[in-house]
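To start, the structure under review is shown below, and the notes come after it.
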Amino acid sequence: MGSVVELVADRPVVIFSRSSCCMSHTVESLLRSFGANPTVYQLDQVSNGRQIEQELRQLGSQQSLPAVFIGQVFIGGNREVNSLHLRNELLPLLKRARAIWV
């Protein structure tokens, strides 16, 4: 598995997660409810998961996981994604990233 930049390239929505993280599941469910099909990397199930988490922190991830990228741009975690949703900014962002076609 490559670096974070390589993993998010050419993918409209990417979630870095852990298989046991309920917040990651919540974010994934929200994004899917709009019709998006995020690429999900479970970092506890890949050999270089710790290295990827370090890269995410260097890119500005203040919390651990989930870490969400939309249109190859780091959005943040559960709080940031839900905040976008509450401000009605998530749907336009997903459209611009071509994650959904509505």
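The values are calculated or read from the model by the stated rules, or taken from the named source; none is laboratory data. Remember, predicted model here, so these are calculated numbers, not experimental data. Cβ coordinates were reconstructed from backbone atoms using ideal geometry, including for glycine residues, and neighbour counts include every protein chain displayed. Heads up: the accessible areas ignore ligands, DNA and RNA and are worked out on the full protein's heavy atoms, side chains in. Shrake-Rupley method; radii C 1.70, N 1.55, O 1.52, S 1.80 Å.
Assorted remarks:
- Only Lys, Arg (+1) and Asp, Glu (-1) charged, at Cβ; the range 38-102 dipole about Cα centre in debye: 240 debye
- Mean Cβ count within 10 Å, highest first, over the residues of peptides 75-83, 92-100: 75-83, 92-100
- Interchain or long-range residues, amide H under 5 Å from THR39's placed H: VAL13, VAL14, ILE15
- Amide proton proximity set for ILE75, modelled H, under 5 Å, gap of 5+: VAL68, PHE69, ILE70
- Euclidean distance between Cα centres, the range 16-48 to the range 55-75, Å: 13 Å
- Among the chymotrypsin sites (Phe, Trp or Tyr not before Pro) in the range 51-102, those located in a DSSP loop and surrounded by at most 15 other Cβ atoms within 10 Å of their own Cβ are TRP101.
- The orientation-averaged shadow of the Cα convex hull for the range 28-84, equal to a quarter of the hull surface, comes to 4.1 nm².
- For the chain, relative contact order (Cα pairs under 8 Å, six or more residues apart, normalised by length) works out to 33 percent.
- For the range 1-58, average projected area of the Cα convex hull in nm²: 4.0 nm²
- Whole-Hz couplings from phi, Karplus 6.51/-1.76/1.60, listed for the range 32-40; x for Gly and Pro: 5, 5, 8, x, 6, 10, x, 7, 10
- Axis of helix 49-58 versus longest Cα principal axis of the chain: the two differ by about 60°, to the nearest ten degrees.
- The residues of the chain expose on average 58 square angstrom of accessible surface per residue, using a 1.4 Å probe on protein heavy atoms.
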